[in-house]
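Undergrad: Got a structure for you, questions after.
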Amino acid sequence: MAATPLRLALVSLFGLALAAPPRSCAEPAGPSSLDEIPSSARGDVTRLLHDMHRRYGEDAVLIETNLLLNAMRSGALLGTGVRIEGVEPYRGRQYLGFHVDTGLVFDDHTRDEPARLQMLWVTIMEPTLERLQGLSVPADGIKVEMQYHHRPYRSLAELRASIDEPGTSEEASFYLLGADVRELVERRLTARHLVTRTQVAVDGAERQVSMPAGEPPRAPGPD
C-alpha cells in the first residue's frame, strides 16, 4: 500500500548519491539530510512522508528517514531503500516493523556474523536512536530488519569491479521495546547496553549481540 511507493520515492530521491560510489569503506559518501534531494522530487516525498506521519506518527517518520541516511553513510554500494512494514507480533509483543535494504556488502575475511551485527548496530541503529526525543508508535516497540550481503573480497576496488556478484544475502532483525528506547532517550541507559536487551535474529535464528572491548568495526570491509 502506501509503504511501497514511499520506499521507491526515497530510493529515487537519493539516486544521484547512489550513482557515485563512496571514496572508501571507511569514509562513505552519502547525503546528510533530506534537504539535499533535488527540488523536483521533494514535493512528492514530502507528501508521502506526511501520509506515513498520519498512519504511524512523527517518530516513525524520523526513524524511517534516519535509517535510510545512516545506511547510505555506512558504505552502501548497492541500492538502498527503507519501508514501514506495519505492526506485527513477535514473542507476545507488537512491533512496528521497518525494513532496510542497506546496500552493504560485508567482507567474509574480516567481518564475521558477530562483526556484521556490531557494525549494523553502531553505524545505523545507534545514530538513528540518537535522533529520537522519545518513542510514540502504535505498538509495544519497533523492529528494524536489515538486508545486506556478504562475500570475500580483498579491496573496495575488487568489490566494485564485481558488484553484480554481491554474495550471500542475509537479514538481521532488531526488536526494541519502547520502554527500553525511552530509557535510552532519557540517558538512563547507553546504546551499548541497549543492544544487550535487544532481541536479535539473523535469517530467523535468534542471536545474542555483545560489543567488543575495543571499538567495533565501522566499515563493511577493508579499504
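Every number here is computed from the coordinates shown, using simple stated rules; none is lab data. All values derive from a computational prediction rather than experimental measurement. With ideal geometry, Cβ positions are generated from the backbone for all residues, glycine too; neighbour counts draw on all protein chains shown.
Undergrad: Suppose the chain between D108 and T168 were pulled fully straight at 0.36 nm per residue; how much longer would it get relative to their current alpha carbon spacing? Don't jump to the answer; show the numbers that get you there.
TA: Working: separation 60, 0.36 × 60 = 21.60 nm, distance 1.01 nm.
Extra length available between D108 and T168 comes to 20.6 nm.
Undergrad: Once you have the Cα-Cα distance between S210 and V185, take 0.36 nm times their residue separation minus that, and quote the gain in nm to one decimal.
TA: Working: separation 25, 0.36 × 25 = 9.00 nm, distance 2.04 nm.
The S210-V185 span can extend by a further 7.0 nm.
Undergrad: Quick one: if you stick a label point 7 Å off each Cα along the C-beta vector at E130 and R218, how many nm between them?
TA: Those two pseudo-labels are separated by 0.9 nm.
Undergrad: Still on this structure, please answer the following. Given a Förster distance of 25 Å, report the FRET efficiency between H50 and E85 from their Cβ-Cβ distance, rounded to the nearest 0.05.
TA: The pair H50/E85 has a calculated efficiency of 0.85.
Undergrad: Let me ask something else. If you take the beta carbon distance between V202 and R93 as r and set R0 to 25 Å, what does 1/(1 + (r/R0)^6) give as a FRET efficiency, to the nearest 0.05?
TA: Given R0 = 25 Å and the Cβ-Cβ separation, E is 0.80.
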